[in-house]
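Engineer: Sharing a structure below in structure tokens format, with a few things to ask.
The values are calculated or read from the model by the stated rules, or taken from the named source; none is laboratory data. Quick caveat: nothing in here was measured; it's all calculated off a predicted structure. Glycine also receives a Cβ, built like all others from the backbone with ideal geometry; neighbour counts cover every protein chain displayed. The protein model used for the area step is the full one, side chains on, heavy atoms only, and it has no ligands, DNA or RNA in it. Shrake-Rupley method; radii C 1.70, N 1.55, O 1.52, S 1.80 Å.
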Amino acid sequence: MEELLIDLEPSRPDEGHHHFPDTTLTDLLTELDNEGDLQNCPILEAGAYSSRTATTVFDGLREKHQEPGPLTYPASSHCARTRHSTIGTRAKARACRHVKANFIISHKPDLALGVIEAVYKELSRANSTHTIELRKTGDQSYLHIAAPAKDTAELVKAAGDLAEELISDQPTEGAGIFQEPPPKAHTSFHIVLDIMRSSREARPRLEPQLNPCVDGTTSLERHDSFEEYKTSLDGILYRALKKAGRLSLSLALRVNLGFVMLQTYQQGNDVYDYNAFHTMVKNPRASGRLETVMGNEALARKLMDFVRSDDSNSPFQPTDNRMQSAAQVLPEYFLQADSLRAKFEAPLNVTETQKGRTSFIQSVTVSEKDPAFAELDILNLSVGKKLDWNFESTDQQKGARKYPIIVQYLTSARTRILDKEPEDAEGLGTYPRVLLPTQNSIAAGFTSVAIKTVYRLRWKHTSYVVLVAINRRWPSIAAMIDLRRPGIDVGISICGEDWDKEGRVAANIWGDELQHLLCDAGEAPHDGMARVANFLQVIRDVRDVLEPLF
């Protein structure tokens, strides 16, 4: 097994080193992995960081240590370029396809330790299949990584990206509530909080001001612009996706439309001007959630008539190119059961038999309600619009392993689709009947259960999919089994075509510029930031098209 030394320090090329500025770490590791013969491989320097003491080895065999110079901090732009460098090889690995790497930050030990420990925690929380160890020799801490060559390259690059983020003071922790500025108004306005009596949650609402300012200006004109809001949101989502893509998490990503409900806010006042409301929402103590249960039977009918149009010019198109319009799209069915800690969702696969149409449950997706990746927990409040949205990330694979008994219970269900539903007065089509045992503790543990009828529709000619769901909801399993009349509501989500598929184990599954996750962005097809900005504009476009229905 070959040993690689990766050191981070301002570059000072040493005499005798070979320089290949266009060679990447991935290229080098792949070449070593494929060729195997490392006896004559030179030390390589690439990028802006290299080691003053290229022979520093932390393998317990020998150590030649020189006190490192100070780390150069970024200029006022707070942007640091952390690259990988000084890579030396020490052994043959003709038959072995694994490599080892030591990730070192050359700085005073007490300062480097905090960065190394933070990088270690981020990498180790998601990579259970590779060896990632926090080691120490003398007063120097470093990461030891052992994995196949390609994965090692990705893990080292992820470590570099995380170290860069920490050094450049650009954290990507959960950003809290984003306040999207309302459209410009010709008259002054204020924001009213509609407070729910039972929960004390508050729904913000934009309302014209009865006594406008003397100069006729709006409070919005004295605060953040839309461009400032957009730039901040684009940057935070871009950095969060880049970070998540380099960790081996089985993340399912989705954007949900709904209504933001403020949970923690300043008490004693339910009317604000825009500046005061903006300051209140951006307070770190402010919190909220997105209510995704929307509407009733009447809204469900309007929504179905609108999105399932037979107009070929509709923005909602079938995902199957053999279909002419969204009116031809057939629904998918799901059973959803909610508990206090997790959401359980099972596809109901429909088959035709001599006795009619039946469905069965083959698998269950489990999503814990706490976000799987806090940096992607983004809540967008659009005051002045009827719909808000959030970005949701769930670790479905982790949840399924934690609740095997509940999964076994749900997969034992017997299901049947009746062609005629006597109580289906809402005219929203048939749906599967699901039979489950009710006299046990598992059934009693669910807070609600729903049968979902979901239509997958492509947004225009992009690869993004709008999921429109008609939900029939009961307060318990027993209520569903007893055929009590369900409540009807709708749900709307946006995702990529394959975002809900299980991710690969190897890191960097979304590409260096998110090219495997997001659509190309017109004039800047290779720019990850432009892809993020384009995707966020798609969210706003979908919201604006559907808003008149609400």
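Engineer: In region 377-391, is there at least one residue being open to solvent by less than 10 Å² (accessible area, probe 1.4 Å) and within 21 Å of SER250 (Cα to Cα)?
Structural biologist: Of the residues in region 377-391, the ones open to solvent by less than 10 Å² (accessible area, probe 1.4 Å) are 378, 380-383, 387-389, 391.
Pick out the ones that are also within 21 Å of SER250 (Cα to Cα) and you get 378, 391.
Within region 377-391, one or more residues are open to solvent by less than 10 Å² (accessible area, probe 1.4 Å) and within 21 Å of SER250 (Cα to Cα).
Engineer: Specify the residue that is modelled with the highest pLDDT; the eligible residues are those in region 277-302 that are aliphatic (A, V, I, L, M) and open to solvent by 40 Å² or more (accessible area, probe 1.4 Å). Spell out the reasoning first.
Structural biologist: Of all residues in region 277-302, those aliphatic (A, V, I, L, M) come to 280-281, 286, 290, 293-294, 298-300.
With open to solvent by 40 Å² or more (accessible area, probe 1.4 Å) added as a condition, the list becomes 293, 298.
Working: VAL293: 95, ALA298: 92.
The selected residue is VAL293.
Engineer: Pick from region 330-347 the residues that are aliphatic (A, V, I, L, M) and open to solvent by less than 10 Å² (accessible area, probe 1.4 Å): which of them is farthest from VAL293 (Cα to Cα)?
Structural biologist: Filtering region 330-347 for residues aliphatic (A, V, I, L, M) gives 330, 335, 337, 340, 342, 346.
Okay, now just the ones that are also open to solvent by less than 10 Å² (accessible area, probe 1.4 Å), so 335, 337, 342, 346.
Numbers: LEU335: 16, ALA337: 14, ALA342: 16, ALA346: 19 Å.
The qualifying residue farthest from VAL293 (Cα to Cα) is ALA346.
Engineer: I'd like to verify a number: residues in region 118-130 that are exposed (fewer than 13 other Cβ atoms within 10 Å of the Cβ) and modelled with pLDDT of 80 or more, how many?
Structural biologist: Count: 1.
Engineer: Could I ask something else about it? Considering only region 303-323, state which residues are over 26 Å from VAL293 (Cβ atoms), open to solvent by 20 Å² or more (accessible area, probe 1.4 Å) and touching a strand residue (DSSP E or B) at 6+ places or on another chain (Cβ under 8 Å).
Structural biologist: Across region 303-323, the qualifying residue is only GLN317.
Engineer: May I ask you to list the residues in region 429-450 that are within 32 Å of the chain's Cα centre (by Cα) and assigned to a loop (DSSP other than H, G, I, E, B)? Explain how you work it out, then say what you get.
Structural biologist: First, pick out the residues of region 429-450 that are within 32 Å of the chain's Cα centre (by Cα): 431-432, 434, 442-450.
Once the filter is applied, which keeps residues that are within 32 Å of the chain's Cα centre (by Cα) and assigned to a loop (DSSP other than H, G, I, E, B), region 429-450 yields TYR431, GLY445, PHE446, THR447.
Engineer: Of all residues in region 131-172, how many are touching a Ser or Thr at 6+ places or on another chain (Cβ under 8 Å), charged (D, E, K, R) and at pLDDT 80 or above?
Structural biologist: Qualifying residue count, region 131-172: 1.
Engineer: Also, I was wondering about something else. Name the single residue, out of those in region 405-420 being out of contact with any strand residue (DSSP E or B) (no Cβ under 9 Å at 6 or more places or on another chain) and closer than 17 Å to ILE451 by Cα, that is modelled with the lowest pLDDT.
Structural biologist: Filtering region 405-420 for residues that are out of contact with any strand residue (DSSP E or B) (no Cβ under 9 Å at 6 or more places or on another chain) and closer than 17 Å to ILE451 by Cα, the one modelled with the lowest pLDDT comes out as LYS420.
Engineer: If you don't mind, there's one more thing I want to ask. Tally time: how many residues in region 251-276 are hydroxyl-bearing (Ser, Thr, Tyr), outside any helix (DSSP H, G or I) and crowded, with 19+ Cβ neighbours inside 10 Å? It would help to see each step written out before you state the result.
Structural biologist: Of all residues in region 251-276, those hydroxyl-bearing (Ser, Thr, Tyr) come to 264-265, 272, 274.
With the extra rule that they be outside any helix (DSSP H, G or I), the set shrinks to 264-265, 272.
Checking the rest, the ones that are also crowded, with 19+ Cβ neighbours inside 10 Å come to 265, 272.
Here the count works out to 2.
Engineer: State yes or no: is PRO371 surrounded by 20 or more Cβ atoms within 10 Å (Cβ to Cβ) and modelled with pLDDT under 90? Steps first, please.
Structural biologist: Working: surrounded by 20 or more Cβ atoms within 10 Å (Cβ to Cβ): no; modelled with pLDDT under 90: yes.
When the stated conditions are applied, PRO371 does not pass them.
Engineer: Which residues, counting only those in region 260-303, are among the hydrophobic types (A, V, I, L, M, F, W, C) and either touching a Gly at 6+ places or on another chain (Cβ under 9 Å) or on the phi > 0 side of the Ramachandran plot (or both)?
Structural biologist: Within region 260-303, VAL260, MET261, LEU262, VAL281, ALA286, LEU290, VAL293, MET294, LEU303 meet the criteria.
Engineer: Regarding region 85-96, can at least one residue be identified that is over 27 Å from PHE373 (Cα atoms), at pLDDT 80 or above and open to solvent by 80 Å² or more (accessible area, probe 1.4 Å)?
Structural biologist: Residues of region 85-96 that are over 27 Å from PHE373 (Cα atoms), as a first pass: 85-96.
Among the residues that remain, those that are also at pLDDT 80 or above are: none.
Taking every residue of region 85-96 in turn, none turns out to be over 27 Å from PHE373 (Cα atoms), at pLDDT 80 or above and open to solvent by 80 Å² or more (accessible area, probe 1.4 Å).
Engineer: In region 312-346, what residues are touching a Ser or Thr at 6+ places or on another chain (Cβ under 8 Å), closer than 24 Å to ALA450 by Cα and either at pLDDT below 90 or part of a loop (DSSP other than H, G, I, E, B) (or both)?
Structural biologist: Once the filter is applied, which keeps residues that are touching a Ser or Thr at 6+ places or on another chain (Cβ under 8 Å), closer than 24 Å to ALA450 by Cα and either at pLDDT below 90 or part of a loop (DSSP other than H, G, I, E, B) (or both), region 312-346 yields VAL329, PRO331, SER339, LEU340, ALA342.
Engineer: Right, here's the next one. Answer with yes or no whether LEU113 is open to solvent by less than 40 Å² (accessible area, probe 1.4 Å) and modelled with pLDDT of 75 or more. I'd like the intermediate steps shown before the answer.
Structural biologist: Numbers: open to solvent by less than 40 Å² (accessible area, probe 1.4 Å): no; modelled with pLDDT of 75 or more: yes.
No; evaluated as a whole, the condition is false for this residue.
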